[in-house]
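Report on the following structure.
The values are calculated or read from the model by the stated rules, or taken from the named source; none is laboratory data. Predicted model, so just to flag it, every value in this text is computed and none were measured. Every residue, glycine among them, receives a Cβ derived from its backbone with ideal geometry; neighbour counts consider all protein chains shown. Ligands, DNA and RNA are excluded from the accessible area calculation, which covers all protein heavy atoms including side chains. Shrake-Rupley method; radii C 1.70, N 1.55, O 1.52, S 1.80 Å.
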Amino acid sequence: MTVNMVRQIEPLVPALRRYARALLRDRSAADDLVQDCLERAIGRWHQRREGGDARAWLFTILHNLAMTRLRRASERPAHLALDDTAEASLSVAASQEDRMRYRDLLAALQQLPDEQRTVLLLVTVEELSYADAAKVLDIPVGTVMSRLSRARERLLRLMSAEPPAAGSAHPHLRSVK
């Protein structure tokens, strides 16, 4: 390193750091950026224009490096420090199990009677209110509610691993006088 080069670069370091911090909004990343800028400038000092403005040349290098980093950062997921991350966010459920549940759900839906399946899909998937579902199907709201209840119960039984208990297929009805 020549003395002339050090005399031109050293007074610019605080300004380079300020600019890097303003661009990246992260002190550590800005310091890394300034270091990379200075390494590049020193390694290519012989390539700058003789008599040219070292300040403009260094800021150009810094700016180009910052834009490259920002562009790359937007293309990849954000970096999270392990110590700052919640343990629950580090694990991911197995996707095979999710696909199997989805397949089982679709099969169970196909086993529902049409009137129960349509009500269930309109209310739960399409998020229609009971009144709107009743209008679509041209049935009373009470019928929508009872079909939805029966559909949910049957779907739960179909999705559970347990076989249905004997005698529980139909609720016990009593006559009230």
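Points worth noting:
Okay, residues lined up against (1) touching a residue at least 12 places away in the same chain (Cβ under 8 Å); (2) in contact with a helix residue (DSSP H, G or I) (Cβ under 9 Å, 6 or more places away or on another chain); (3) within 30 Å of residue 153 (Cβ to Cβ):
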| position | (1), (2), (3) |
| --- | --- |
| 21 | no, yes, no |
| 30 | yes, yes, no |
| 43 | no, no, no |
| 88 | no, no, no |
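- Those residues of segment 150-162 which are at pLDDT 90 or above and of a type in the set (D, E, K, R), in sequence order: 150, 152, 153, 154, 157
- Residue match in segment 116-136 (condition: closer than 18 Å to residue 157 by Cα, open to solvent by 90 Å² or more (accessible area, probe 1.4 Å) and either part of a helix (DSSP H, G or I) or among the β-branched types (Val, Ile, Thr) (or both)): no
- Test: residue 5 is touching a helix residue (DSSP H, G or I) at 6+ places or on another chain (Cβ under 7 Å), part of a helix (DSSP H, G or I) and surrounded by fewer than 16 Cβ atoms within 10 Å (Cβ to Cβ): yes
- Some residue of segment 71-78 being open to solvent by 90 Å² or more (accessible area, probe 1.4 Å) and in contact (Cβ under 8 Å) with a residue 12 or more places away in the chain: no
- Considering residues of segment 15-28 that are more than 28 Å from the chain's Cα centre (by Cα) and open to solvent by 70 Å² or more (accessible area, probe 1.4 Å) only, the residue nearest to residue 70 (Cα to Cα): 19
- Filter result (open to solvent by 100 Å² or more (accessible area, probe 1.4 Å) and not in a helix (DSSP H, G or I)) within segment 29-50: 44, 49, 50
- Selection of first residues in segment 97-119 that are closer than 22 Å to residue 143 by Cβ and of a type in the set (Asp, Glu) and of second residues that are part of a helix (DSSP H, G or I) and open to solvent by less than 80 Å² (accessible area, probe 1.4 Å), restricted to Cβ pairs under 7 Å at least 6 apart or on distinct chains, gives the following pairs, ordered by first then second residue: 115/147.
The rows are residues; the columns are (1) in a helix (DSSP H, G or I); (2) modelled with pLDDT of 90 or more; (3) open to solvent by 60 Å² or more (accessible area, probe 1.4 Å); (4) among the aliphatic types (A, V, I, L, M).
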position: 93; (1), (2), (3), (4): no, no, yes, yes
position: 98; (1), (2), (3), (4): yes, no, yes, no
position: 142; (1), (2), (3), (4): yes, yes, no, no
position: 148; (1), (2), (3), (4): yes, yes, no, yes
position: 164; (1), (2), (3), (4): no, no, yes, no
position: 174; (1), (2), (3), (4): no, no, yes, no
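- Members of segment 1-21 found to be modelled with pLDDT under 90 and more than 16 Å from residue 55 (Cα to Cα), listed by number: 1, 2, 3
- Residue 68 vs. criteria open to solvent by less than 50 Å² (accessible area, probe 1.4 Å) and of a type in the set (Ser, Thr, Tyr): yes
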